[in-house]
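A.B. asks: There's a structure below that I have some questions on.
The values are calculated or read from the model by the stated rules, or taken from the named source; none is laboratory data. It should be emphasised that the depicted structure is a prediction, and the values quoted were computed from it without experimental measurement. Every residue, glycine among them, receives a Cβ derived from its backbone with ideal geometry; neighbour counts consider all protein chains shown. What goes into the accessible areas is simple: the full protein's heavy atoms, side chains included, and nothing from ligands, DNA or RNA. Shrake-Rupley method; radii C 1.70, N 1.55, O 1.52, S 1.80 Å.
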Amino acid sequence: MKLSRRTLLATTAAVAAGTGTGTAQATAQAAPSRGGRLRTGFERLAADGYALLDGERVGVVTNPTGVTRDVRHIVDVMHADDRVDLVAVFGPEHGFRGTAQAGGSEGRHDDPATGLPVYDTYLKSGRPLADVFTASGVDTVVFDIQDVGARFYTYIWTLYDCMEAALLAGKRFVVLDRPNPVTGRAALGPVLHKEFATFVGREPIAQAHGMTVAELARLFNGEFLTAPVPLETVRMSGWRRSDFYDASQLPWVPPSPNMPTPDTALVYPGTCLFEGTNLSEGRGTTRPFELLGAEGIDGRWAAAAAAEDLPGVRLREAYFTPAFSKFQGRTVGGVQLHVHDRAAFDPVRTGIALLVTAQRVWSGFAWRSDHWIDKLTGSARVRTMIDAGAGTDAVVAAWQEELAAFRRTRAQYLLYR
(Lines give C-alpha, C1' and ligand atoms only; values in the text may rest on other atoms or scores of the structure.)
Protein backbone atom coordinates (compact mmCIF):
# COMPACT_ATOMS: atom_id res chain seq x y z
CA MET A 1 0.00 0.00 0.00
CA LYS A 2 1.20 3.51 -0.78
CA LEU A 3 0.56 6.95 0.69
CA SER A 4 -2.88 7.60 -0.68
CA ARG A 5 -4.11 10.64 -2.57
CA ARG A 6 -6.70 11.03 0.19
CA THR A 7 -3.95 11.42 2.79
CA LEU A 8 -2.28 14.18 0.80
CA LEU A 9 -5.56 15.96 0.14
CA ALA A 10 -6.63 15.68 3.77
CA THR A 11 -3.37 17.15 5.02
CA THR A 12 -3.35 19.95 2.44
CA ALA A 13 -6.97 20.88 3.09
CA ALA A 14 -6.43 20.89 6.83
CA VAL A 15 -3.43 23.20 6.61
CA ALA A 16 -5.23 25.53 4.21
CA ALA A 17 -8.45 25.72 6.21
CA GLY A 18 -6.99 25.55 9.71
CA THR A 19 -9.72 23.09 10.70
CA GLY A 20 -10.62 19.41 10.37
CA THR A 21 -7.52 17.26 10.47
CA GLY A 22 -5.36 20.33 11.06
CA THR A 23 -5.25 19.81 14.80
CA ALA A 24 -4.66 16.11 14.24
CA GLN A 25 -1.66 16.85 12.06
CA ALA A 26 -0.32 19.44 14.49
CA THR A 27 -0.75 16.95 17.31
CA ALA A 28 1.26 14.40 15.38
CA GLN A 29 4.18 16.81 15.23
CA ALA A 30 4.23 17.39 19.00
CA ALA A 31 7.33 16.43 20.96
CA PRO A 32 7.65 12.64 21.33
CA SER A 33 6.88 11.00 24.65
CA ARG A 34 9.80 10.60 27.03
CA GLY A 35 7.93 8.45 29.51
CA GLY A 36 6.78 9.58 32.95
CA ARG A 37 3.19 9.64 34.13
CA LEU A 38 0.84 8.85 31.31
CA ARG A 39 -2.00 11.24 30.58
CA THR A 40 -4.82 9.98 28.38
CA GLY A 41 -6.43 11.97 25.62
CA PHE A 42 -9.34 12.76 27.91
CA GLU A 43 -7.04 13.96 30.69
CA ARG A 44 -5.34 16.34 28.29
CA LEU A 45 -8.67 17.52 26.86
CA ALA A 46 -9.99 18.28 30.34
CA ALA A 47 -6.76 19.95 31.44
CA ASP A 48 -7.15 22.32 28.48
CA GLY A 49 -10.62 23.30 29.67
CA TYR A 50 -12.31 21.39 26.84
CA ALA A 51 -11.25 24.17 24.46
CA LEU A 52 -11.41 21.73 21.54
CA LEU A 53 -15.16 21.33 22.12
CA ASP A 54 -16.00 24.98 22.79
CA GLY A 55 -19.30 26.05 21.27
CA GLU A 56 -20.09 22.54 20.00
CA ARG A 57 -22.98 20.23 20.82
CA VAL A 58 -21.13 17.05 21.72
CA GLY A 59 -21.96 13.36 21.56
CA VAL A 60 -19.64 10.69 22.98
CA VAL A 61 -19.09 7.16 21.65
CA THR A 62 -17.94 5.23 24.69
CA ASN A 63 -18.41 2.26 27.00
CA PRO A 64 -17.37 1.40 30.60
CA THR A 65 -13.67 1.85 29.70
CA GLY A 66 -14.14 5.58 29.20
CA VAL A 67 -13.04 6.42 32.73
CA THR A 68 -10.73 8.84 34.50
CA ARG A 69 -7.79 7.79 36.63
CA ASP A 70 -10.10 7.79 39.69
CA VAL A 71 -12.60 5.60 37.76
CA ARG A 72 -15.27 8.21 37.18
CA HIS A 73 -16.89 7.84 33.78
CA ILE A 74 -16.02 10.64 31.38
CA VAL A 75 -19.71 11.08 30.50
CA ASP A 76 -20.52 11.75 34.14
CA VAL A 77 -17.57 14.15 34.41
CA MET A 78 -18.41 16.06 31.24
CA HIS A 79 -22.13 16.18 32.01
CA ALA A 80 -21.36 17.89 35.32
CA ASP A 81 -19.07 20.48 33.69
CA ASP A 82 -20.64 23.64 32.32
CA ARG A 83 -17.78 24.04 29.86
CA VAL A 84 -19.09 21.11 27.79
CA ASP A 85 -22.43 21.00 25.98
CA LEU A 86 -22.86 17.21 26.13
CA VAL A 87 -26.15 16.27 24.48
CA ALA A 88 -25.89 12.56 23.57
CA VAL A 89 -24.12 9.26 24.20
CA PHE A 90 -23.58 6.49 21.64
CA GLY A 91 -23.17 2.90 22.89
CA PRO A 92 -21.30 0.12 21.02
CA GLU A 93 -21.49 -3.67 21.44
CA HIS A 94 -22.08 -4.52 25.13
CA GLY A 95 -23.57 -1.05 25.60
CA PHE A 96 -22.53 2.29 27.06
CA ARG A 97 -22.74 1.10 30.67
CA GLY A 98 -21.73 -2.47 29.72
CA THR A 99 -24.87 -4.42 30.61
CA ALA A 100 -24.97 -6.64 27.49
CA GLN A 101 -23.00 -9.82 26.73
CA ALA A 102 -21.18 -10.58 23.47
CA GLY A 103 -23.34 -9.93 20.43
CA GLY A 104 -25.70 -7.64 22.36
CA SER A 105 -26.28 -3.97 23.10
CA GLU A 106 -28.45 -1.79 25.31
CA GLY A 107 -30.72 -0.23 22.69
CA ARG A 108 -32.06 3.33 22.68
CA HIS A 109 -32.75 4.65 26.20
CA ASP A 110 -32.16 7.57 28.54
CA ASP A 111 -29.22 7.14 30.89
CA PRO A 112 -30.56 6.99 34.48
CA ALA A 113 -27.50 8.74 35.93
CA THR A 114 -27.40 11.77 33.65
CA GLY A 115 -30.71 11.77 31.80
CA LEU A 116 -28.80 11.93 28.52
CA PRO A 117 -30.23 10.11 25.50
CA VAL A 118 -28.21 6.99 24.68
CA TYR A 119 -28.25 5.83 21.06
CA ASP A 120 -27.29 2.31 19.97
CA THR A 121 -24.54 2.07 17.33
CA TYR A 122 -24.12 -1.70 17.38
CA LEU A 123 -24.48 -3.28 13.91
CA LYS A 124 -25.25 0.15 12.41
CA SER A 125 -23.06 1.71 9.76
CA GLY A 126 -23.25 3.98 6.75
CA ARG A 127 -26.40 6.03 6.23
CA PRO A 128 -28.43 4.42 9.07
CA LEU A 129 -25.70 5.38 11.57
CA ALA A 130 -25.36 8.83 9.97
CA ASP A 131 -29.09 9.28 10.53
CA VAL A 132 -28.57 8.47 14.23
CA PHE A 133 -25.94 11.22 14.48
CA THR A 134 -28.24 13.64 12.67
CA ALA A 135 -31.20 12.81 14.92
CA SER A 136 -29.06 13.31 18.04
CA GLY A 137 -28.42 16.95 17.16
CA VAL A 138 -24.66 16.81 17.78
CA ASP A 139 -22.06 18.91 15.98
CA THR A 140 -19.06 16.88 17.13
CA VAL A 141 -18.74 13.14 17.78
CA VAL A 142 -16.10 12.21 20.38
CA PHE A 143 -14.71 8.66 20.59
CA ASP A 144 -13.15 7.30 23.81
CA ILE A 145 -12.98 3.49 24.14
CA GLN A 146 -10.12 1.27 25.32
CA ASP A 147 -8.98 -1.06 22.53
CA VAL A 148 -7.00 -4.29 23.05
CA GLY A 149 -4.86 -4.34 19.90
CA ALA A 150 -6.47 -7.05 17.73
CA ARG A 151 -8.11 -6.58 14.34
CA PHE A 152 -11.15 -8.65 15.28
CA TYR A 153 -11.96 -6.69 18.44
CA THR A 154 -15.03 -4.82 17.25
CA TYR A 155 -14.53 -1.43 18.90
CA ILE A 156 -12.03 -0.31 16.28
CA TRP A 157 -14.65 -1.01 13.62
CA THR A 158 -17.18 0.95 15.67
CA LEU A 159 -14.61 3.74 15.36
CA TYR A 160 -14.40 3.20 11.61
CA ASP A 161 -18.17 3.05 11.15
CA CYS A 162 -18.68 6.17 13.27
CA MET A 163 -16.06 8.08 11.28
CA GLU A 164 -17.76 7.09 8.04
CA ALA A 165 -21.18 8.04 9.43
CA ALA A 166 -19.87 11.37 10.72
CA LEU A 167 -18.57 12.10 7.24
CA LEU A 168 -21.98 11.33 5.74
CA ALA A 169 -23.78 13.40 8.37
CA GLY A 170 -21.40 16.36 8.12
CA LYS A 171 -20.13 16.03 11.68
CA ARG A 172 -16.72 16.73 13.16
CA PHE A 173 -14.90 13.78 14.75
CA VAL A 174 -12.58 13.79 17.78
CA VAL A 175 -10.63 10.76 19.05
CA LEU A 176 -9.33 10.74 22.63
CA ASP A 177 -6.37 8.38 22.72
CA ARG A 178 -5.64 5.55 25.17
CA PRO A 179 -2.79 3.01 25.31
CA ASN A 180 -2.58 -0.11 23.23
CA PRO A 181 -2.33 -2.48 26.22
CA VAL A 182 -0.04 -4.94 24.42
CA THR A 183 2.34 -2.20 23.19
CA GLY A 184 2.63 -0.53 19.82
CA ARG A 185 5.98 -2.06 18.93
CA ALA A 186 5.06 -3.99 15.81
CA ALA A 187 2.24 -5.20 13.62
CA LEU A 188 1.90 -9.00 13.53
CA GLY A 189 -0.05 -11.61 11.63
CA PRO A 190 -1.97 -11.84 8.38
CA VAL A 191 -3.58 -8.81 6.75
CA LEU A 192 -7.29 -8.92 5.95
CA HIS A 193 -8.28 -9.59 2.34
CA LYS A 194 -11.14 -7.29 1.40
CA GLU A 195 -13.43 -10.07 0.21
CA PHE A 196 -13.47 -11.36 3.81
CA ALA A 197 -14.52 -8.04 5.33
CA THR A 198 -17.02 -8.21 8.22
CA PHE A 199 -17.55 -6.42 11.53
CA VAL A 200 -14.51 -8.30 12.88
CA GLY A 201 -12.43 -6.71 10.11
CA ARG A 202 -13.63 -4.00 7.74
CA GLU A 203 -10.34 -3.08 6.08
CA PRO A 204 -6.91 -4.62 5.32
CA ILE A 205 -4.95 -4.21 8.55
CA ALA A 206 -2.82 -6.76 10.39
CA GLN A 207 -4.29 -9.19 12.90
CA ALA A 208 -2.32 -7.49 15.71
CA HIS A 209 -2.12 -3.92 14.41
CA GLY A 210 0.24 -2.41 17.01
CA MET A 211 -1.51 0.98 16.94
CA THR A 212 -3.53 3.18 19.27
CA VAL A 213 -7.09 4.19 18.41
CA ALA A 214 -5.96 7.70 17.42
CA GLU A 215 -3.36 6.23 15.09
CA LEU A 216 -5.96 3.89 13.62
CA ALA A 217 -8.31 6.83 13.08
CA ARG A 218 -5.60 8.61 11.11
CA LEU A 219 -4.98 5.43 9.09
CA PHE A 220 -8.68 4.97 8.38
CA ASN A 221 -8.98 8.61 7.33
CA GLY A 222 -5.99 8.51 5.05
CA GLU A 223 -6.36 5.08 3.47
CA PHE A 224 -9.88 3.69 3.65
CA LEU A 225 -12.68 6.24 3.93
CA THR A 226 -14.06 7.51 0.63
CA ALA A 227 -13.12 11.04 1.74
CA PRO A 228 -11.50 12.32 4.94
CA VAL A 229 -13.81 13.21 7.82
CA PRO A 230 -12.89 16.41 9.73
CA LEU A 231 -10.71 14.67 12.32
CA GLU A 232 -9.01 15.82 15.50
CA THR A 233 -6.92 13.53 17.69
CA VAL A 234 -5.99 14.24 21.28
CA ARG A 235 -2.89 12.19 21.86
CA MET A 236 -1.55 10.88 25.14
CA SER A 237 1.56 12.17 26.85
CA GLY A 238 3.96 9.88 28.67
CA TRP A 239 3.28 6.76 26.55
CA ARG A 240 6.00 4.89 24.65
CA ARG A 241 5.44 2.23 22.03
CA SER A 242 7.23 -0.36 24.16
CA ASP A 243 4.92 0.16 27.16
CA PHE A 244 2.59 -2.59 28.33
CA TYR A 245 -0.59 -1.55 30.10
CA ASP A 246 0.75 -1.84 33.63
CA ALA A 247 3.28 0.91 32.85
CA SER A 248 0.36 3.33 32.41
CA GLN A 249 -0.73 3.04 36.07
CA LEU A 250 -4.27 3.41 34.76
CA PRO A 251 -7.13 1.31 36.13
CA TRP A 252 -8.11 -1.62 33.93
CA VAL A 253 -11.82 -1.73 33.17
CA PRO A 254 -12.77 -4.86 31.18
CA PRO A 255 -13.62 -3.58 27.68
CA SER A 256 -15.94 -6.56 27.27
CA PRO A 257 -17.13 -9.36 29.59
CA ASN A 258 -14.48 -11.83 28.41
CA MET A 259 -11.54 -9.41 28.54
CA PRO A 260 -11.07 -9.35 32.33
CA THR A 261 -7.37 -8.41 32.54
CA PRO A 262 -4.50 -7.04 30.45
CA ASP A 263 -3.14 -10.61 30.50
CA THR A 264 -6.18 -11.60 28.45
CA ALA A 265 -5.42 -8.91 25.90
CA LEU A 266 -1.84 -10.18 25.62
CA VAL A 267 -2.86 -13.60 24.29
CA TYR A 268 -6.12 -12.62 22.58
CA PRO A 269 -4.71 -11.73 19.11
CA GLY A 270 -3.70 -15.39 18.74
CA THR A 271 -6.00 -17.53 20.84
CA CYS A 272 -9.20 -15.81 19.72
CA LEU A 273 -8.69 -17.91 16.57
CA PHE A 274 -10.13 -20.82 18.54
CA GLU A 275 -13.53 -19.15 18.20
CA GLY A 276 -13.31 -20.51 14.66
CA THR A 277 -12.98 -24.12 15.87
CA ASN A 278 -14.98 -26.62 17.91
CA LEU A 279 -12.60 -26.16 20.86
CA SER A 280 -13.40 -23.93 23.82
CA GLU A 281 -11.52 -20.64 23.81
CA GLY A 282 -11.98 -20.46 27.58
CA ARG A 283 -15.19 -18.46 27.67
CA GLY A 284 -17.06 -19.35 30.81
CA THR A 285 -13.85 -19.59 32.85
CA THR A 286 -11.91 -17.03 34.85
CA ARG A 287 -9.12 -17.20 32.24
CA PRO A 288 -10.78 -16.75 28.83
CA PHE A 289 -8.37 -17.06 25.89
CA GLU A 290 -5.64 -18.32 28.24
CA LEU A 291 -7.41 -21.69 28.63
CA LEU A 292 -8.19 -23.75 25.52
CA GLY A 293 -9.62 -27.24 25.25
CA ALA A 294 -12.28 -29.78 24.38
CA GLU A 295 -13.62 -33.14 25.50
CA GLY A 296 -11.27 -35.92 24.49
CA ILE A 297 -8.07 -33.87 24.59
CA ASP A 298 -5.32 -35.04 26.95
CA GLY A 299 -1.72 -34.11 27.71
CA ARG A 300 -0.48 -34.91 24.21
CA TRP A 301 -1.59 -31.47 22.98
CA ALA A 302 0.39 -29.54 25.60
CA ALA A 303 3.43 -31.71 24.83
CA ALA A 304 3.13 -31.15 21.08
CA ALA A 305 2.65 -27.41 21.51
CA ALA A 306 5.62 -27.17 23.89
CA ALA A 307 7.76 -28.88 21.26
CA GLU A 308 7.12 -25.91 18.95
CA ASP A 309 9.55 -23.95 21.18
CA LEU A 310 7.41 -20.81 21.14
CA PRO A 311 9.19 -17.75 22.52
CA GLY A 312 8.04 -16.16 25.76
CA VAL A 313 5.32 -18.65 26.68
CA ARG A 314 4.99 -21.96 28.52
CA LEU A 315 2.08 -24.32 27.88
CA ARG A 316 0.62 -26.37 30.71
CA GLU A 317 -1.68 -29.37 30.44
CA ALA A 318 -4.96 -28.13 31.92
CA TYR A 319 -8.51 -29.30 32.67
CA PHE A 320 -11.46 -26.98 33.22
CA THR A 321 -15.26 -26.81 33.21
CA PRO A 322 -16.78 -23.80 31.40
CA ALA A 323 -19.73 -22.19 33.18
CA PHE A 324 -21.17 -21.06 29.83
CA SER A 325 -20.43 -21.14 26.10
CA LYS A 326 -18.84 -24.25 24.51
CA PHE A 327 -18.87 -27.39 26.72
CA GLN A 328 -20.92 -25.64 29.39
CA GLY A 329 -20.83 -27.68 32.61
CA ARG A 330 -18.56 -30.37 31.13
CA THR A 331 -14.95 -31.05 32.00
CA VAL A 332 -12.57 -30.59 29.08
CA GLY A 333 -8.85 -31.08 28.60
CA GLY A 334 -6.42 -28.76 26.91
CA VAL A 335 -3.74 -26.17 27.64
CA GLN A 336 -3.19 -23.03 29.64
CA LEU A 337 -0.84 -20.36 28.33
CA HIS A 338 1.63 -18.88 30.81
CA VAL A 339 3.44 -15.89 29.28
CA HIS A 340 6.76 -15.43 31.09
CA ASP A 341 8.47 -13.00 28.69
CA ARG A 342 6.03 -10.45 27.27
CA ALA A 343 8.64 -8.80 25.08
CA ALA A 344 9.52 -12.07 23.31
CA PHE A 345 5.97 -13.45 23.12
CA ASP A 346 4.33 -13.52 19.67
CA PRO A 347 0.59 -14.09 20.16
CA VAL A 348 -0.23 -14.73 16.51
CA ARG A 349 2.52 -17.29 15.92
CA THR A 350 1.48 -18.95 19.18
CA GLY A 351 -2.16 -19.13 18.06
CA ILE A 352 -1.16 -20.70 14.75
CA ALA A 353 1.10 -23.25 16.47
CA LEU A 354 -1.73 -24.23 18.80
CA LEU A 355 -4.10 -24.72 15.87
CA VAL A 356 -1.52 -26.80 13.96
CA THR A 357 -0.79 -29.05 16.93
CA ALA A 358 -4.43 -29.39 18.02
CA GLN A 359 -5.38 -30.70 14.60
CA ARG A 360 -2.37 -33.00 14.59
CA VAL A 361 -2.97 -34.69 17.96
CA TRP A 362 -6.76 -34.62 18.39
CA SER A 363 -8.88 -36.56 15.92
CA GLY A 364 -11.99 -34.61 16.92
CA PHE A 365 -10.61 -31.26 15.72
CA ALA A 366 -12.93 -29.34 13.37
CA TRP A 367 -13.36 -25.84 12.05
CA ARG A 368 -16.69 -24.12 12.64
CA SER A 369 -18.98 -25.00 9.76
CA ASP A 370 -19.41 -21.34 8.79
CA HIS A 371 -15.62 -21.00 8.33
CA TRP A 372 -15.52 -18.23 10.93
CA ILE A 373 -11.77 -18.82 11.09
CA ASP A 374 -11.51 -17.19 7.65
CA LYS A 375 -13.16 -14.01 8.97
CA LEU A 376 -10.81 -13.96 11.95
CA THR A 377 -7.61 -14.52 9.98
CA GLY A 378 -8.77 -12.41 7.04
CA SER A 379 -8.66 -15.06 4.31
CA ALA A 380 -9.04 -18.79 3.70
CA ARG A 381 -5.26 -19.28 3.67
CA VAL A 382 -4.67 -20.27 7.31
CA ARG A 383 -7.46 -22.85 7.27
CA THR A 384 -6.52 -24.40 3.93
CA MET A 385 -2.80 -24.52 4.71
CA ILE A 386 -3.34 -26.20 8.07
CA ASP A 387 -5.77 -28.67 6.46
CA ALA A 388 -3.09 -29.46 3.88
CA GLY A 389 -0.62 -30.31 6.63
CA ALA A 390 1.45 -27.12 6.68
CA GLY A 391 3.47 -26.46 9.81
CA THR A 392 3.66 -23.27 11.84
CA ASP A 393 6.68 -21.85 10.01
CA ALA A 394 5.06 -22.28 6.59
CA VAL A 395 1.77 -20.69 7.65
CA VAL A 396 3.51 -17.71 9.26
CA ALA A 397 5.80 -17.26 6.24
CA ALA A 398 2.81 -17.06 3.90
CA TRP A 399 1.68 -13.62 5.10
CA GLN A 400 5.04 -11.88 5.47
CA GLU A 401 4.92 -9.95 2.19
CA GLU A 402 1.50 -8.42 2.86
CA LEU A 403 2.47 -7.73 6.47
CA ALA A 404 5.57 -5.84 5.34
CA ALA A 405 3.40 -3.70 3.04
CA PHE A 406 1.00 -2.93 5.89
CA ARG A 407 3.89 -2.00 8.18
CA ARG A 408 5.11 0.54 5.63
CA THR A 409 1.67 2.12 5.40
CA ARG A 410 1.17 2.02 9.16
CA ALA A 411 4.41 3.92 9.76
CA GLN A 412 2.96 7.07 8.17
CA TYR A 413 0.26 7.37 10.85
CA LEU A 414 2.12 6.67 14.08
CA LEU A 415 2.07 9.36 16.77
CA TYR A 416 4.49 7.98 19.34
CA ARG A 417 8.03 6.63 19.54
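A.B. asks: If you put +1 on each Lys and Arg Cβ and -1 on each Asp and Glu Cβ, how big is the dipole of the chain around its Cα centre, in Debye rounded to 20?
C.D. replies: 860 debye
A.B. asks: Hey, another quick one. Estimate the FRET efficiency between Ala404 and Ser325 by the formula 1/(1 + (r/R0)^6), using the beta-carbon distance for r and 45 Å for R0, to the nearest 0.05.
C.D. replies: 0.80
A.B. asks: Moving to a separate point now. Pull up the DSSP beta bridges for the chain and report the antiparallel fraction as a percent, rounded to 5.
C.D. replies: Roughly 50 percent of the beta bridges in the chain run antiparallel, per DSSP.
A.B. asks: Would you mind calculating the gained length between Ala227 and Val71 on full extension (0.36 nm times residue separation, minus the Cα-Cα distance), in nm to one decimal?
C.D. replies: 52.5 nm
A.B. asks: Another question, then. Which value in nm describes the separation of the simple spin-label points at Ala47 and Arg381, placed 7 Å from the Cα toward the beta carbon?
C.D. replies: In this crude spin-label approximation the distance works out to 4.3 nm.
A.B. asks: Hey, which aspartates and glutamates would be in cross-link range of Lys194, C-alpha to C-alpha under 20 Å, not counting anything within fewer than 8 residues on its own chain?
C.D. replies: Asp161, Glu164, Glu203, Glu223, Asp370, Asp374, Glu401, Glu402
A.B. asks: Here's another thing I want to ask about it. How much FRET efficiency would the formula 1/(1 + (r/R0)^6) give for Arg314 and Thr286, where r is the Cβ-Cβ distance and R0 is 30 Å, rounded to 0.05?
C.D. replies: 0.95
A.B. asks: With a/c under 1.5 counting as rounded, go ahead and sort the range 121-215 into rounded, prolate or oblate using the C-alpha gyration tensor (a ≥ b ≥ c being the square roots of the eigenvalues; past the cut-off, prolate if a/b is larger than b/c, else oblate).
C.D. replies: Verdict is oblate for the range 121-215.
A.B. asks: Could you give the accessible area per residue of the chain, probe 1.4 Å, as a whole number in Å²?
C.D. replies: Result: 37 Å² of accessible area for each residue.
A.B. asks: How far apart, in nm, are two points set 7 Å out from the Cα along the Cα-to-Cβ line at Asp393 and at Ala366?
C.D. replies: Those two pseudo-labels are separated by 3.3 nm.
A.B. asks: Determine the shape class of the chain: with a ≥ b ≥ c the square roots of the Cα gyration tensor eigenvalues, call it rounded for a/c under 1.5, and otherwise prolate if a/b is greater than b/c, oblate otherwise.
C.D. replies: Prolate, because a/c is 1.5 or more and a/b exceeds b/c.
A.B. asks: Write down the radius of gyration of the range 45-134 and its Dmax, each obtained from C-alpha positions, in Å.
C.D. replies: 13.3, 37
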